[in-house]
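The structure appears below as structure tokens.
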Amino acid sequence: MVETPQLTAALRTAGAWLDAEPDDDIRRELDELISAARAGDAAAGDDLIARFAGRLQFGTAGLRAAVAAGSMRMNRLVVRQAAAGLGRWLQEQESAGVVERAAERGVVIAHDARRKSDLFALDTARVLAAMGIRSMLHPGVQPTPVLAWSITGLDAAAGVVVTASHNPPADNGYKVFLDTGSQIVSPIDEEISACIETVDPLSIALAPEDDHLIQRLDHSWQEAYVASVPDVRLRPEVPGVPVAYTAMHGVGAETIEMAFTAAGFDTPIPVVEQHVPDGTFPTVSFPNPEEPGAMDLLLATASESGAAIALANDPDADRLGVAIPQPDGSWRKLSGDEIGWLFADHILANTSGDDRLVVTTLVSSSLLARMAAAYGVHSEETFTGFKWIGKIATERVKVGQRFVFGYEQALGYLVAPRPLDKDGITAAVMMAEIAACAEADGTTVQGRLDAIAAQYGQYVTAELSVRLDPKVGARWVASIEAAPPSDVGDRAVTSVATYPEANLVRLMLDGGVRLQIRPSGTEPKVKLYGEAVDVDADVLHDLLAALASSAP
């Protein structure tokens, strides 16, 4: 391979990173890559250029990438730079009077069981302490909801959780929360990113591990979170039913068991192979309950154990997947919207007050708004991402509205007033109650869904993804916005709405069919969403396919 200016620059930068790299395994990996690139290995050269093509960008979802060497990957140097950028942002917020006593209130930190998560968490604390900012480290591994819940209890100025959530096993991530317990939203991500940009990742000061500004928390915050779980039960007199559960090799199992016991339910029947935290995810290649095959072991356990319902958390336990038994003995995974309808039906029927507020996202089903109208309560539709639901819940309190439920169709649910982020643990407890209530009332979970359809119509939803380079995908969506089609398939387009903040275009078709399209914020693909009422599911899939056929 001929050494190009790009490769020369990458080799120079990589050499400096090699000198600063604190981990033997990452240093060895980088050293071998540099040697191969210098020896003329074209693939190694291209890989090195890609790894040092810029800086891993910090967004509203924080950072997320494969654990590996390079400024475009997740490693301790990148994490230290992010921590220092967060520290500078907090200092600026304190100086401007936006966040009071930020350094004194500090940052609470937790991590999952993925590769290097514990080191990333400790490095964050050491960087912040060196900047004079207090940090509080949760013990061991903790679910994201416990971290988010503890932020307000500790009156912290911010929170950090080291997790890649439901990403593939090779990845790790870094997510930042506000002092409300909600994830950051724009433009805060841009402000933090700008601060990160000012930090040299190769020369960041670290405080000693025993610095007085680094506080090791005990398990009392996990216990306090668990003690709050029974409050989500709306019919506590109803006895439980057998529940099958998988933690999907994540960190939710211990807290789930404590939560079910506190709520008066029997401990769920575990998928033994997936119960202990394991960042290598040996039984599932993509630990996301939405992915085909990810819940197969759970369904087998549910069938063998005679469970009434099957529940799955993603690895950091902030999402919830659900499956229910069918009359023929098979099991059916519910869509994210179906789960949301069940929660809304249960919560609205068992709470009261016209000040109640329910919130969902643009790409989730519109049925929630109809259900809210039927109960005479407030509803809101916001941008994709649970952080926006948390923001709405915070803002509406000021006008006398009381948040009772929020969801996004990507298996994110909030059924409690705290934390202001999706919580797969309290959602699991409430879903277990929904199954128990169905049995006590002489029906099934499927029966509940059938009753909802009988009242509001049979809402049908579908999704389709088109894999495209992010720039190409963005141009495609922009072209549809600029020149919307007059028809899709055999149906005329009756109206077009655009949501620039969400990069989303909504097409309404004859018959009330709704199609939406937006580039993914985390993956190289464009997502298409369809919804219709009393329309065959195949018809909706065909319409999505027709829209997808215009992809470049």
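Read-outs: derived from the displayed coordinates by stated rules, not from any lab. This structure is a prediction, so every number in the text was calculated from the model and none was measured. When we count neighbours, we look across all protein chains shown, and the Cβ atoms used for this are built from the backbone with ideal geometry, even at glycine.
Quick notes on this one:
- Extreme residue, positive dipole direction of the range 229-457, given options MET431, ILE389, ALA454 (C-beta unit charges): ILE389
- Exposure proxy ranking for LYS422, LYS391, based on other Cβ atoms within 10 angstrom of each Cβ and starting from the fewest, stands as LYS391, LYS422.
- Total charge dipole magnitude, the chain, about the Cα centre, Cβ charges on Lys, Arg, Asp, Glu only, Debye to nearest 20: 960 debye
- Cα convex hull volume per residue for the chain (Å³): 159 Å³
- When you filter the GluC sites (Glu not before Pro) in the range 1-50 for DSSP loop state and at most 15 other Cβ atoms inside 10 Å of their Cβ, you are left with GLU3.
- Efficiency of FRET between SER352 and SER305 - r from beta-carbon atoms, R0 51 angstrom, step 0.05: 0.90
- Per-residue extension of 0.36 nm, minus the Cα-Cα distance of HIS212 and ASP19, leaves a gain of 66.6 nm for this segment.
- Remark: the range 209-214, residue by residue, has Karplus-estimated 3J(HN,Hα) of 4, 9, 4, 5, 7, 9 Hz, where x stands for each Gly or Pro and the curve is 6.51 cos²θ - 1.76 cosθ + 1.60 at θ = phi - 60°.
- Note, ³J(HN,Hα) from phi for the range 499-507, Karplus 6.51, -1.76, 1.60, rounded to Hz, x at Gly and Pro: 10, x, 5, 9, 6, 10, 10, 10, 10
- Here the range 55-76 and the range 282-345 have alpha carbon centers that stand 30 Å from each other.
- Among residues other than LEU297 with Cβ under 14 Å from its Cβ, the summed charge is -4 (Lys and Arg +1, Asp and Glu -1).
- Positive contributions from Lys and Arg (+1) and negative ones from Asp and Glu (-1), summed over other residues with Cβ under 9 Å from the Cβ of LEU56, come out at +3.
- Order of GLU104, GLU94 - criterion: other Cβ atoms within 10 Å of each residue's Cβ, fewest first: GLU104, GLU94
- The alpha carbon centroids of the range 146-187 and the range 17-42 are separated by 31 Å.
- Residues with amide H under 5 Å from that of ALA158, placed H, sequence gap 5 or more: VAL108
- Only Lys, Arg, Asp and Glu carry charge here, each on its Cβ (+1 for the first two, -1 for the last two); on that basis the range 56-218 has a dipole of about 500 debye about its Cα centre.
- Local net charge near ARG233, Cβ-Cβ under 15 Å (Lys/Arg +1, Asp/Glu -1): -4
- Dipole size of the range 421-552 about its Cα centre, with +1 on Lys/Arg Cβ and -1 on Asp/Glu Cβ: approximately 640 debye, rounded to the nearest 20.
- Span-like helix check, the chain: qualifying full DSSP H segments, with Cα axial length of 27 Å or more and mean Kyte-Doolittle of -1.0 or more, are 76-95.
- Extension gain for ALA9-VAL397 works out to 134.5 nm (0.36 nm per residue, less the C-alpha to C-alpha distance).
- Once the chain from ALA205 to SER465 is taken as fully extended at 0.36 nm per residue, the excess over their C-alpha distance is 89.3 nm.
- Ranking of THR461, THR283, THR246 by neighbouring Cβ atoms within 10 Å, starting from the fewest: THR283, THR461, THR246.
- 3J(HN,Hα) from dihedral phi, the range 172-177, Karplus parametrisation 6.51/-1.76/1.60, rounded to Hz, x for glycine, proline: 9, x, 8, 10, 10, 10
- Hits among aspartates and glutamates - C-alpha to C-alpha of LYS525 under 15 Å, sequence gap 8 or more where chains match: GLU463, ASP469
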